[in-house]
Amino acid sequence: MIKIVRTDADLEVPRVDAALRERGTLVLLPSTIDEAGFESELRDADLLLMCYAQVSAHAIANAERLRGIVKYGVGIDAIDIEAAKRRRIPVVNVPEYAEETVAEGAMALILALARKFKPLHREMQSRGWAWPTSSWLASDLAGKTLGLVGVGKIGVRVARMAGQGFRMSVIGFDPYVSRSDMLQKGVEKCDELHELLARADVVSVHAVLTAETRHLLGERQLAAMKPSAFVVNVSRGAIIDEEALVRALQSARIAGAALDVYSDEPLALSGHRLSPLYGMDNVLVWPHLTFYTAEAMQRLEDETLERCAEILEGRPVLVKSRDPRLRSQRFGVRFVD
């Protein structure tokens, strides 16, 4: 009997679960499962579906029957890809299901910061009305400068929405995208990150998390931003030094932040290093759900099932991602040109 393990059962993908139960035994693991429990279930599994769970080299080495790992999402930094390659276990993600969706989410957070949605909503809920006093004076986006840290598929969509939709000037920092390619997307290239940070009224993070980008925005970089500027992160939490960000917000070194991703998820009202953010009117904390729309989930489930079928039927699994970590695989995969 085929055994399939899906981690992060808190994220509901009912069509995926129903289809996989028709193929074998499906084991759903909660996000709270410990490492020993996870490794025990994986030991005799044929297929692993994961979203946020850590998949270590030790877990992969002891999964004797494992035929493939499907990340039902984009980021693969929680998977030890090299360990999977040593075992000739293909790893695949679903990179294209929510590019427009997450870009819309980033713009929503930018708007919410600029228009003071959080404190105004609280005022309306508690008092029933808010008069136009200086406390509620908001900011236009038109004429402001948006700085993109990472100008990939999501970044260019944010650039289109901000530039064409809100008449913002858009600048970008990305060592892997040429000046001409950025210009075609309506983005002015900055060769240095500090140049972008000093010019931007809103800094929006859209980079991939790698060893190179971990804490890319730290104490020194945040200090380079305008005191009136906002930072928005819908990419990966660890791209920002979160403790440095808290200090910058507490000292009013920057004007505000909107975050959808965190190094340590989930957040908590107390006992988490980011708990102080909950009490700040100029900070929006979102529960890693900018991807979560009916349309995006339809696309995610469709493609996840396609990749699972390829693995379970012994066919080469289609890798659509351009991530070099996935592109370096040589066994059980085929690539989009």
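The numbers here are math on the coordinates, done by the rules we state, and not lab data. Not measured: the values here are computed from a predicted model. Please note: Cβ atoms are built from the backbone with ideal geometry, for glycine as well, and neighbour counts cover all protein chains shown.
How long are the semi-axes of the ellipsoid equivalent to the range 36-172, from square roots of 5 times the Cα gyration tensor eigenvalues, in whole Å, largest first? Don't skip to the end; give the middle numbers.
Values: eigenvalues 395, 82, 21 Å².
Square roots of five times the eigenvalues give 44, 20, 10 Å.
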> Hey, can you rank 54-67, 105-118 by average C-beta count inside 10 Å, highest first?
Replying inline: 105-118, 54-67
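What shape does the range 99-285 take by its C-alpha gyration tensor, where a ≥ b ≥ c are the square roots of the eigenvalues and a/c under 1.5 counts as rounded, a/b above b/c as prolate, and the rest as oblate? Let's see the in-between values first.
Details: a/c = 1.79, a/b = 1.30, b/c = 1.39.
Here the range 99-285 falls in the oblate category.
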> Hey, what angle do you get for helix 294-312 against the long axis of the chain, alpha-carbon based, 0 to 90 degrees rounded to 10?
Replying inline: 30 degrees
>> Nearest 10 degrees is fine. How inclined is helix 117-127 to the longest principal axis of the chain, computing both from alpha carbons?
In response: 70 degrees
> Using only helices, what value at 222 nm comes out for the chain when you add -39,500 (n - 2.57) per DSSP H run of length 4 or more and divide by the total residues, to the nearest 500 deg cm²/dmol?
Replying inline: -9000 deg cm²/dmol
>> As I understand it, the value is the acute angle between the Cα axis of helix 99-114 and the longest principal axis of the Cα atoms of the chain; what does it come to in degrees, rounded to 10?
In response: 30 degrees
>> For the range 57-71 and the range 125-141, what is the centre-to-centre distance using only Cα atoms, to the nearest Å?
In response: 53 Å
> Any idea how far the Cα center of the range 259-292 sits from the one of the range 91-106, in Å?
Replying inline: 20 Å
> Once the dipole of the range 99-285 is set up with Lys and Arg at +1 and Asp and Glu at -1 on Cβ about the Cα centre, which of 150, 135, 239 lies farthest towards its positive end?
Replying inline: 135
>> For residue 189, give me every one of the lysines with a C-alpha distance below 18 angstrom, ignoring sequence neighbours fewer than eight places off in its own chain.
In response: 144, 153
>> Quick check on the range 146-232: take the gyration tensor over C-alpha atoms, sort the square-rooted eigenvalues as a ≥ b ≥ c, and tell me if it's rounded (a/c under 1.5), prolate or oblate.
In response: oblate
